[in-house]
2 protein chains.
Amino acid sequence: MRIGVLGTGMVGPAIATKLVSLGHDVRMGSREAGNEKAVAWAAEAGEGASEGNFADAASHGELVVNCTAGVASLEALGAAGEDNLAGKVLIDIANPLDFSHGMPPTLAFCNDDSLGERIQAAFPAARVVKALNTMNCQVMVEPTRVPGDHAVFISGEDDGAKHEVAELLASFGWPSERIVDLGGSGARGTEMYLPLWLNLYGQLQTGDFNISVLAAKS
Amino acid sequence: MRIGVLGTGMVGPAIATKLVSLGHDVRMGSREAGNEKAVAWAAEAGEGASEGNFADAASHGELVVNCTAGVASLEALGAAGEDNLAGKVLIDIANPLDFSHGMPPTLAFCNDDSLGERIQAAFPAARVVKALNTMNCQVMVEPTRVPGDHAVFISGEDDGAKHEVAELLASFGWPSERIVDLGGSGARGTEMYLPLWLNLYGQLQTGDFNISVLAAKS
């Protein structure tokens, strides 16, 4: 599949490399074509890897993954272009972490709002699925780094889009029974989980952790 | 032990009944002595159960448990009285859920603030431990309702107080390896987990669930 990956930080290259390794044709997007990190990534990732600006990557992709910094995501997606996102599954992995007030970061918005919701509202023709934003990028693409039946959450209003994302996650190594659909409004909850994630990271001293959901048989 | 339990909603009676069953001398506190629910609880719980106003319950307790509605907790603790809390372990189970804007509830404050922090700041001589606020009250007092190695989080600035709370949780049936100390600042994270809890509750259609934390061996 042709996939556009927006963002050159930690998450973008991790996701893009995984997608290339699975045989997809991946274009990494950044603010301007020729971004140093994107060029280096494309050279290293080899066949099936290319780079360009946000619009290049979004127009390339049949599916688009938002791996930009959450506080910059709406601007990045605006640069990607509404037409280049229309009708496409848009996986939103970003969290609106605000580091401007020091550590620990806060969320730039939350509680009665979320990045996932803002993106869906700003790009109503995109089929936004919030996913993978509750773990570090190494666990996203290699879930076996963490032992046990830990979970990945997906949410969004479009069931067909969530189904496509679940299939992609399965190809990353996520067993279907550990892909937890939170319904239409899960973005708020998963983004607001970040402070607990940061607490746990501080205590565990490793990013190789995740949570599982255990429930009584009903 | 003499314990004061503040609050007559769902959580207060569940905690108070468990404590009585463990042989503690428990006084339930509400705004005014003679509260109908508190009187009914004390009659049903039998020996070791009594009721009074917030100050009665707090002065009775060698340890105090805040089970009031989070948005009313600071007022309730003010009525309990700073002197009646000074030097005592104060377990804060409340979440500042705001139902005034409809469902799902939001948090009255979060992100750069939390109820646990507000309580510790308002009552600096109390030894505040945030605990148990990430699950429903039935699971709090009967963890075996949920299968598997699910976790209870404790946090606060006083290690001795956390140790005492961990012992109390052990008496509730929580194995020590599942009592996760989040350090000094976990209140924010655990309170902000509530929206995800609500998402999961909506999907699972049962309150008998919880999360576990899985980490790679370091």
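A few points about this structure:
- Selected residue (criterion: farthest from B:F109 (Cα to Cα)) from residues of the stretch B:178-193 that are open to solvent by less than 20 Å² (accessible area, probe 1.4 Å) and more than 8 Å from every other protein chain (Cβ to nearest Cβ): B:A187
- Those residues of the stretch A:29-58 which are within 19 Å of A:G78 (Cα to Cα), part of a strand (DSSP E or B) and open to solvent by 20 Å² or more (accessible area, probe 1.4 Å), in sequence order: A:E51, A:N53
- B:A57 more than 19 Å from B:L169 (Cα to Cα) and touching a Lys or Arg at 6+ places or on another chain (Cβ under 9 Å): yes
- Residue count for the stretch B:199-218, restricted to those that are more than 7 Å from chain A (Cβ to nearest Cβ), more than 21 Å from A:V146 (Cα to Cα) and surrounded by fewer than 18 Cβ atoms within 10 Å (Cβ to Cβ): 1
- A:V20 vs. criteria at negative phi, modelled with pLDDT of 95 or more and in contact with a Lys or Arg (Cβ under 9 Å, 6 or more places away or on another chain): no
- Selection status of A:A170, touching a strand residue (DSSP E or B) at 6+ places or on another chain (Cβ under 7 Å) and not acidic (D, E): no
- A count restricted to the stretch A:121-142 and to residues that are outside any loop (DSSP other than H, G, I, E, B) and touching a residue at least 40 places away in the same chain (Cβ under 8 Å) stands at 10.
- Residue check for B:H150: within 7 Å of chain A (Cβ to nearest Cβ) and either within 18 Å of the chain's Cα centre (by Cα) or among the hydrophobic types (A, V, I, L, M, F, W, C) (or both): yes
- Of all residues in the stretch A:130-166 being among the basic types (K, R) and touching a helix residue (DSSP H, G or I) at 6+ places or on another chain (Cβ under 9 Å), the one that is surrounded by the most Cβ atoms within 10 Å (Cβ to Cβ): A:K130
- Scan of the stretch B:78-104 for residues that are open to solvent by 20 Å² or more (accessible area, probe 1.4 Å) and within 15 Å of B:V128 (Cβ to Cβ), ordered by number: B:G78, B:E82, B:N84, B:A86, B:G87, B:K88, B:N95
- Here A:L169 meets each of (1) open to solvent by less than 40 Å² (accessible area, probe 1.4 Å); (2) part of a helix (DSSP H, G or I); (3) under 17 Å from A:N95 (Cβ atoms); (4) hydrophobic (A, V, I, L, M, F, W, C) with one exception, condition (3).
- Looking only at the stretch B:69-117, and only at residues there that are part of a loop (DSSP other than H, G, I, E, B) and away from chain A (no Cβ under 14 Å), the one that is nearest to B:Q138 (Cα to Cα): B:I93
- Just one of the numbered conditions (1) on the phi > 0 side of the Ramachandran plot; (2) more than 11 Å from every other protein chain (Cβ to nearest Cβ); (3) open to solvent by less than 20 Å² (accessible area, probe 1.4 Å) is not true of B:A126: (1).
- Whenever a residue of the stretch B:68-83 is at pLDDT below 95, it has no partner that is open to solvent by 40 Å² or more (accessible area, probe 1.4 Å) lying with C-beta atoms less than 8 angstrom away and at least six residues away or across chains.
- For the stretch A:162-175, the criterion of being facing chain B (nearest Cβ under 7 Å) and out of contact with any Phe, Trp or Tyr (no Cβ under 6 Å at 6 or more places or on another chain) is satisfied by no residue at all.
- When the criteria are applied in full, B:F109 fails the requirement of being open to solvent by less than 10 Å² (accessible area, probe 1.4 Å) and either of a type in the set (A, V, I, L, M, F, W, C) or within 26 Å of B:W197 (Cα to Cα) (or both).
The values are calculated or read from the model by the stated rules, or taken from the named source; none is laboratory data. Just so you know, these numbers come straight off a predicted model, no measurement behind them. Every residue, glycine among them, receives a Cβ derived from its backbone with ideal geometry; neighbour counts consider all protein chains shown. Side chains are part of the model used for accessible areas, which takes the heavy atoms of the whole protein and leaves out ligands, DNA and RNA. Shrake-Rupley method; radii C 1.70, N 1.55, O 1.52, S 1.80 Å.
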